[in-house]
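K.L.:
So that we are looking at the same thing, I have put the structure below in structure tokens.
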Amino acid sequence: MVGSEPAVLVLEDGSRYVGRAYGAVGRTFGEAVFSTGMTGYQETLTDPSYAGQIVLMTAPHIGNTGTNDEDMESRQIWVAGYVVREPSRIVSNYRAQRSLDDDLVAQGVVGISGIDTRAVTRHIRSAGAMRAGIFSGPDFELSDGEQLELVLSGAPMAGRNLSEEVSTPEPFTVPAVGEKVGSVAVLDLGVKTSTLNNLAARGLDVHVLPQMVTARDVLELEPSALFFSNGPGDPAASDKHVELLQDVLRAGVPYFGICFGNQLLGRALGLGTYKLPFGHRGINQPVLDKRTGRVEITSQNHGFAVEAPLEGTFDSPAGFGRVEVSHFSLNDNVVEGLNCLDLNAFSVQYHPEAAAGPHDANYLFDRFLEMITNPRTTDPGIRNPAVSSDKKDDE
């Protein structure tokens, strides 16, 4: 609830911002990041990619339209903490089933309101995303030094593998809508409900798999294609997912990845990844499609990116043939998409299921379907269905 009791946001560099408790009362820790979306706060809160992060909203007024069950992107709120300037005092939308602070309290999300979120955003843009904590209730009474010590004891985002925390514990299937044209195995690294719905709407049986499955598990399903979802954490800490992807690519299975799935394709191809200073988060990120020259307004949520040359083609260091960067950010030239020229595989760094532009990137699902129904001939030296036959399940 929006209370009068004090709360404080503490950053790892010692910066402090005092405001009011919002949502649950207590303490919470995570990486402080900001999201520039003017709307869509419920989709942000329930996006598993935000696990482990204290999310600050740059829009000054949050909670106007309340919350509902239909707009949930997953089974729960995932943010570690929530920072807003001015919570709405009333809910004004016919679709609302409850208020935002009702959800925050019910799910134990510690938040803070009443601080200058512009000042915090400018600080993070300058100093970079960093560890942070929110303290309210009895924890607000801890000394400044004690609070900072607790913040500094938290794990940084670099090197963290969070997919186990957000992935489905059991496999499940979303059936194809209308006439079935194929099937797709989805590795759930933090997948959003709208992504699954977009795949099913194109006539695909969607087999959602826990993140611990092996390449053998995937290939035994005989899927028409493989899809890696968005998700939280550092791609450099997901070597098993990279190995799984390499095995399935060598077996000739078409692949599409978004967000975390783009970074993992990059690593599977032998490219490096790195941490961005403050990441891309929001629904207004401009991206250039090099093939068409078209600018897409995209929804993004990532703190890591792929290292690759923006111009021309290059050979995959891991032996998967020729690769090109298909999209890049117009804000800072970050790689926003990869296209394999000798494989049926591509990926983008943003979220095509989200209505950012409002539908600038939704065509990518159609492109994926086209790749499934009309796969191009690939390099026989890369396509090797027997590659995973000797892999151990416990590798």
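K.L.:
Sort through Ala185, Ala176 and tell me the only one that's open to solvent by less than 20 Å² (accessible area, probe 1.4 Å), at negative phi, of a type in the set (Gly, Ala, Ser) and outside any helix (DSSP H, G or I).
P.N.:
Result: Ala185 is the single residue among Ala185, Ala176 that is open to solvent by less than 20 Å² (accessible area, probe 1.4 Å), at negative phi, of a type in the set (Gly, Ala, Ser) and outside any helix (DSSP H, G or I).
K.L.:
In the stretch 126-170, how many are surrounded by fewer than 14 Cβ atoms within 10 Å (Cβ to Cβ) and closer than 21 Å to Met212 by Cα?
P.N.:
So the count comes out to 4.
K.L.:
Condition first: farther than 20 Å from Asn301 by Cα, at pLDDT 95 or above and over 21 Å from the mean Cα position of the chain (by Cα). Can you find one or more residues in the stretch 183-191 that meet it?
P.N.:
Within the stretch 183-191, one or more residues are farther than 20 Å from Asn301 by Cα, at pLDDT 95 or above and over 21 Å from the mean Cα position of the chain (by Cα).
K.L.:
What are the residues in the stretch 100-151 that are part of a strand (DSSP E or B) and among the charged types (D, E, K, R), if any?
P.N.:
Across the stretch 100-151, the qualifying residue is only Arg131.
K.L.:
Restricting the search to the stretch 154-173, which residues are more than 30 Å from Val206 (Cα to Cα) and either at pLDDT 95 or above or part of a helix (DSSP H, G or I) (or both)?
P.N.:
Matches in the stretch 154-173: none.
K.L.:
Does Ala361 qualify as being surrounded by 12 or more Cβ atoms within 10 Å (Cβ to Cβ), among the hydrophobic types (A, V, I, L, M, F, W, C), in contact with a Pro (Cβ under 8 Å, 6 or more places away or on another chain) and at pLDDT below 85?
P.N.:
In short, yes.
K.L.:
A further question follows. Name every residue in the stretch 251-275 that is touching a Gly at 6+ places or on another chain (Cβ under 7 Å), in contact (Cβ under 8 Å) with a residue 60 or more places away in the chain and open to solvent by 10 Å² or more (accessible area, probe 1.4 Å), in order of residue number.
P.N.:
Passing the criteria: only Lys275.
K.L.:
Out of all the residues in the stretch 94-118, which are closer than 20 Å to Phe29 by Cα and open to solvent by 20 Å² or more (accessible area, probe 1.4 Å)?
P.N.:
Answer for the stretch 94-118, where residues must be closer than 20 Å to Phe29 by Cα and open to solvent by 20 Å² or more (accessible area, probe 1.4 Å): Asp101, Val105, Ala106, Gln107, Gly108, Gly114, Asp116.
K.L.:
Give the residue that is nearest to Arg89 (Cα to Cα), with candidates limited to residues of the stretch 40-64 that are open to solvent by 30 Å² or more (accessible area, probe 1.4 Å) and in a loop (DSSP other than H, G, I, E, B).
P.N.:
Asn64
K.L.:
Shifting gears a bit: Hey, any hits in the stretch 65-83 for a residue that's open to solvent by 70 Å² or more (accessible area, probe 1.4 Å) and in contact with a Gly (Cβ under 8 Å, 6 or more places away or on another chain)?
P.N.:
Within the stretch 65-83, not a single residue is open to solvent by 70 Å² or more (accessible area, probe 1.4 Å) and in contact with a Gly (Cβ under 8 Å, 6 or more places away or on another chain).
K.L.:
Here is a further query. Can you name the residue in the stretch 8-39 that is open to solvent by less than 30 Å² (accessible area, probe 1.4 Å), outside any strand (DSSP E or B) and at pLDDT 95 or above and is also nearest to Arg122 (Cα to Cα) among such residues?
P.N.:
Ser15
The values are calculated or read from the model by the stated rules, or taken from the named source; none is laboratory data. Source: prediction; values computed, not measured. Every residue, glycine as well, gets a Cβ built from its backbone with ideal geometry; the counts of neighbours run over all protein chains shown. SASA here: full protein model, heavy atoms, side chains in, ligands and nucleic acids out. Shrake-Rupley method; radii C 1.70, N 1.55, O 1.52, S 1.80 Å.
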